[in-house]
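The values are calculated or read from the model by the stated rules, or taken from the named source; none is laboratory data. These numbers were taken from a predicted model, which means no experiment stands behind them. Backbone-built Cβ (ideal geometry, glycine too); neighbour counts: all protein chains shown.
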Amino acid sequence: MTKHSWQEKVGVDKSVEMVEFAKRTYGCSKINFKVLDIENTHDCSFYSYRFNKIFSFFCFHWVHNKVDSLLNMHLMLKSGGEILVNFILINPLVELYKCMDTEWHKYIEDIKQISQNTYSRDEMRDIFTKAGFRIINLESSVKKYTFPDFSSLLSAIKAVDVMYSILPQHLHDRYSKHVKDKICEKQMVQICPITGKIIKAYLPITVHAVKD
Ligand SMILES: C[S@@+](CC[C@H](N)C(=O)[O-])C[C@H]1O[C@@H](n2cnc3c(N)ncnc32)[C@H](O)[C@@H]1O
């Protein structure tokens, strides 16, 4: 990589809070942090043909319209530019929302931020290709993450579950209990009977592709 290719670095997120946090924590003259919704073609077109590389880590599974987002990233790259996207093939929260009891459905419908579409590995390969990328490498394999106990798992879910920002406060505890019950009922995790540790399997995927 030449020195020239790193002259401009831009870190983006659609959340104003995240961008402000990044500026406070990592801000320096060499990195610009900007609010950008990767699904918004109008805003992305500001960066048309601008970048040599685009990296995205653990974000793409939250993106609602993956096809448009890939087209936008393709647009923002220079010819010969590369993309490296690492994400979870099946968003565990989408799995969870799909099996919730009816009383929670009206809130789930309000969650526009989260994609309800799930793609297989081959379908994912297809949408990258249709957006104009040539795939250099696509890797995915089942990984396992171990939580020390159930409450750590529930806290981790709470940190990313937008339901908590939609639900009235007085429903939070009941919702948490429902989440726990569903996880057990649908056997979404393994529970070690001796240690009580919780093992969650997940499917990360990494795609490295180029704009020819
Ligand atoms: C789990 S965080 C990952 C953040 C960071 N990449 C990291 O590795 O720490 C996922 C981020 O994706 C952002 N996000 C979701 N949809 C987005 C979109 N359409 N455009 C830009 N950012 C988005 C969320 O605001 C959230 O900050």
Of the numbered conditions (1) within 20 Å of the chain's Cα centre (by Cα); (2) at pLDDT below 95; (3) among the charged types (D, E, K, R), residue 103 satisfies every one except a single condition; which is it? (1)
For the stretch 134-152, give me each residue that is within 18 Å of the chain's Cα centre (by Cα) and either of a type in the set (Lys, Arg) or surrounded by 11 or more Cβ atoms within 10 Å (Cβ to Cβ) (or both). 138, 139, 140, 143, 144, 145
Could you check the stretch 40-65 and list, in sequence order, the residues that are out of contact with any strand residue (DSSP E or B) (no Cβ under 9 Å at 6 or more places or on another chain) and at pLDDT below 95? 64, 65
Within the stretch 7-50, work out how many residues are in a strand (DSSP E or B), more than 8 Å from the ligand (Cβ to nearest atom) and aliphatic (A, V, I, L, M). 3
Near pairs, Cβ below 8 angstrom, 6+ apart or cross-chain, from the stretch 96-115 (farther than 20 Å from residue 184 by Cα) to any residue that is modelled with pLDDT under 70 and surrounded by 11 or more Cβ atoms within 10 Å (Cβ to Cβ): none
For residue 75, work out the one condition from (1) hydrophobic (A, V, I, L, M, F, W, C); (2) surrounded by 19 or more Cβ atoms within 10 Å (Cβ to Cβ); (3) outside any loop (DSSP other than H, G, I, E, B) it doesn't fulfil. (2)
